[in-house]
Each structure stands twice: as structure tokens, then as C-alpha cells.
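The values are calculated or read from the model by the stated rules, or taken from the named source; none is laboratory data. Since the structure is predicted, the reported quantities are computational estimates derived from the model, not experimental observations. Positions of Cβ are backbone-derived with ideal geometry, glycine not excepted, and every protein chain shown enters the neighbour counts. To get the accessible areas, we keep the full protein, side chains included, count just its heavy atoms, and leave off ligands, DNA and RNA. Shrake-Rupley method; radii C 1.70, N 1.55, O 1.52, S 1.80 Å.
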Amino acid sequence: MENLDWKNLPFGYQKTDYNVRCYYRNGSWGELEVSSSEYINIHMAATALHYGQEAFEGLKAYRGVDGKVRLFRWEENYERLKNSAQGVMMAEVTKEVFYNAVVKSVMLNERFIPPHGTGASLYIRPFLFGSGAEVGVAPAKEYMFVVFVTPVGPYFKEGFKPVRIAIERDTDRAAPLGTGNIKVGGNYAASLKAIVRVHKEGFGSPLYLDAVEKRYIDEIGAANFFGIKDNTYITPKSTSILPSITNKSIIELAEHIGLKVERRPIDVAELPTFEEAGACGTAAVISPIGEIYDSATDKSIFFTKDGNPGPISTKIYETLVGIQYGEVEDPFNWTEVIG
Ligand code: PLP
Ligand code: COI
């Protein structure tokens, strides 16, 4: 096992031993190739570099309490990558290529899977991009699919402690009929200005609103939003947010533990009425929100009751993470043991 400070890992890039690559040429995918180089050599006119033909995924491998290695709902990530590929006219990776590349990249880097009990996990980053040259705006004829892994700690440095969020009023991340609902690099480029600004101001992340009315909640940087009140889990319905696999799972968990679930537009004006609020995603896991600041009024319009995570967020967090680490029963069959 690698000798790392597992308990204090940031959410960042850490070199591992191998990555896995696959090339799409002449209409089909080739064999998986294992590489120990962190670099890729591509054509300078590759469509990924000019016209943003790129999509990525994020999932994790967990070292369980029983020592086994588990993936969480990888088929959902596969389906989403397929949608992203269709959304920006890229060749779709096959399920077999996706699964084999993910498993190979994890197991070849097994010594980097954080030990159980450290709160860390192995982040898996599959990505697909147009590697073929075009100068006119057109889809590439060649694609590359790569999977690398890196051990990570919590995305928000607070971990499972309330994070401060700022409502974003100056930029839009995604348009209603744009690419916000798929996981393409351009969405993240559009989010950088706000992220850098709010970090400087001491917030964990911006909260994006719908681009038309600037009234309804879209999502939080790289995570979906949820609010809880009256025994109900409420999460935004919008065409410009990423369908989060974590959120989908929490919805099922919430119903399982007897909460009502509503997926509907959430007006910013409703924020003060929530008993609990949070951000959820693979990287963010479940991050309780401690405060939501609005520059429109220069006031914070949501606060946690006593500065601590709420009881329902805590229960959902413990159950979700417990399933991922093989500590509690997985009645939904979400995890797959791969080693
Ligand atoms: N929203 C955005 C913009 C994201 O980048 C992510 C991360 O993938 C999420 C939400 C959460 O999605 P998931 O739970 O599938 O990781
Ligand atoms: C993820 O949760 O996988 C993300 O997308 C976060 C990432 C953009 C840092």
C-alpha cells in the first residue's frame, strides 16, 4: 500500500501508476491499452481543443469494511457518458470498453485505494474526446477514451460540515436548451469565473440560478441542490442541471426511509423556509449547507439551525456512505464488488 496521509487527502490530482486508453478509428473501438505516462499525444487540430468535443465522468471505488473494493452504480455513469457523447456528436463508448477500462484502472492502481476508515476513496475519471483533426466546425472522425484514477478526500474542505454558498447573479453556467444536462467540459469552463470569485470571497461554491428568470435554483458548482422541510426532500427540476447519480440515489433512500420527495422548480424566495439544505454529488458526497448568501440584497437568506448538519441530512449521509463502504446492507444493489 502506498504511504500517503490518507486522512488529510485533498480533492486533487495525485499521480498513480497506470491509466487505461482506447482509440476509436475507422468506425470502431480498438483494444484497451495500459499506459504509465500521464501525458497524451494528440493532433493540434483535434476537435476537443477547438470546439469542445469532450465529456467526462466521475465515480469512485471504495475500500470496504470487509477489505473488498466496490464500485457505486457505474452503469449510471456509463449511461450518462453515452448521453454526453450524443449531445456533442461524439462516438459512443461501448459498455464493455467503459466497464473494462474502469475496472482495469482501479485494480492496476490498487495500492492507491485509500484504506477503509480514512474517509477517502479512489476517484475515477473516465473521459472521451474528439482527437481527430477538423478545422471547419464538424464532429471529429477519431476519438480517444481514457480512464485515470486518483485518491481523494472531501471536495469541500469542510467534509461533512456545513459549507457557505453564494447565489450567482453575474454569470450563467448553462442555458435551458444548452448542454447543462450533460457532462461536457464547456459547462465547467463557463462556471470558472464564478467559482474563482466566490472562493476569493470565502464561499465554498456558487449556486447557479436558471438563466432565463434568475429566479429558480439550478445547481451548486459541481453538485445538485436539495432542501428539506416538513419531512419532504425537495430538489430542483430544470433542463439545465446535470442529472446527479448521487441525487437519484438519495431520492430512493429518502423514499425508503419514509420521506416525501418533490422534484420541482425551487424559487430562491423559498430558501429561508428550508429546515436543512445540502449539495450532493460524487465528489461532494452530501455536503450540508450552512449559509446561502445573496449579493442582490447583500444578505444571507438561509442558515442551518445551530451551525450543525441537520438530522435528516445526517441520516441520509450515513446510510449512503455506509452502503458505499459495505458497512450497511445494500438493499438497492447499487454496489459491485470488483476486487
Ligand atoms: N452537477 C454537476 C455540474 C456535476 O459536475 C456533478 C458531478 O458529477 C454533479 C452535479 C453530481 O453528479 P453525480 O452525483 O452523478 O456525481
Ligand atoms: C464529480 O462529482 O464527479 C464532479 O463532477 C466534480 C468535479 C467536476 C470536480
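Percent relative contact order of the chain, based on C-alpha pairs within less than 8 angstrom and at least six residues apart? Before the final figure, lay out each step's value.
Details: 749 pairs, mean separation 66.3, N = 339.
20 percent.
The calculated 222 nm mean residue ellipticity attributable to helices in the chain amounts to -7000 deg cm²/dmol, summing -39500 (n - 2.57) over DSSP H runs of n ≥ 4 and dividing by all residues.
Between Ser121 and Val152, the built amide H atoms are under 5 Å apart, and every one of these is 5 or more places off in sequence or on another chain. With a/c under 1.5 counting as rounded, go ahead and sort the stretch 89-209 into rounded, prolate or oblate using the C-alpha gyration tensor (a ≥ b ≥ c being the square roots of the eigenvalues; past the cut-off, prolate if a/b is larger than b/c, else oblate). The shape class here is oblate.
Which order do peptides 256-262, 236-242, 61-67 fall in by mean Cβ count within 10 Å, highest first? Walk me through the numbers before you get to the answer.
Details: 256-262: 12.9, 236-242: 19.7, 61-67: 17.7.
Result, highest mean first: 236-242, 61-67, 256-262.
For the stretch 163-324, the number of Lys pairs with C-alpha atoms closer than 20 Å, counting only pairs eight or more positions apart or on separate chains, is 18.
Over all directions, what mean area does the Cα convex hull of the stretch 6-152 project, stated in square nanometres?
Values: hull surface 34.7 nm².
Its Cα hull, projected and averaged over all orientations, spans 8.7 nm².
The accessible surface of the chain, taken with every protein chain in place and a 1.4 Å probe, is 52 percent carbon and sulfur. Looking at the stretch 75-183, the GluC sites (Glu not before Pro) that sit in a DSSP loop and have at most 16 other Cβ atoms within 10 Å of their own Cβ are Glu158.
Binning the C-alpha pair distances of the stretch 79-151 at 10 Å intervals from 0 yields a P(r) profile of 18, 40, 26, 13, 3, 0 %, listed from the shortest bin outward.
Hey, what D do you get for the chain in µm²/s if you plug the Kirkwood alpha-carbon radius into Stokes-Einstein at 4 °C and 1.567 mPa s? Write down the numbers at each step before the final one.
Working: Rh = 20.7 Å.
Result for D is 62 µm²/s.
Accessible surface computed residue by residue for the stretch 1-158, with neighbouring protein chains in place and a 1.4 Å probe, gives 47 Å² per residue.
Solvent exposure of the stretch 221-332, expressed per residue, is 41 Å² of accessible area, with all protein chains present and a 1.4 angstrom probe. Mind grabbing the base-10 log of I(q)/I(0) for the stretch 163-324 at q = 0.12, 0.20 Å⁻¹? Debye formula, identical points on the C-alpha positions, no solvent, two decimal places. Log-scaled intensity ratios, in q order: -0.47, -1.38.
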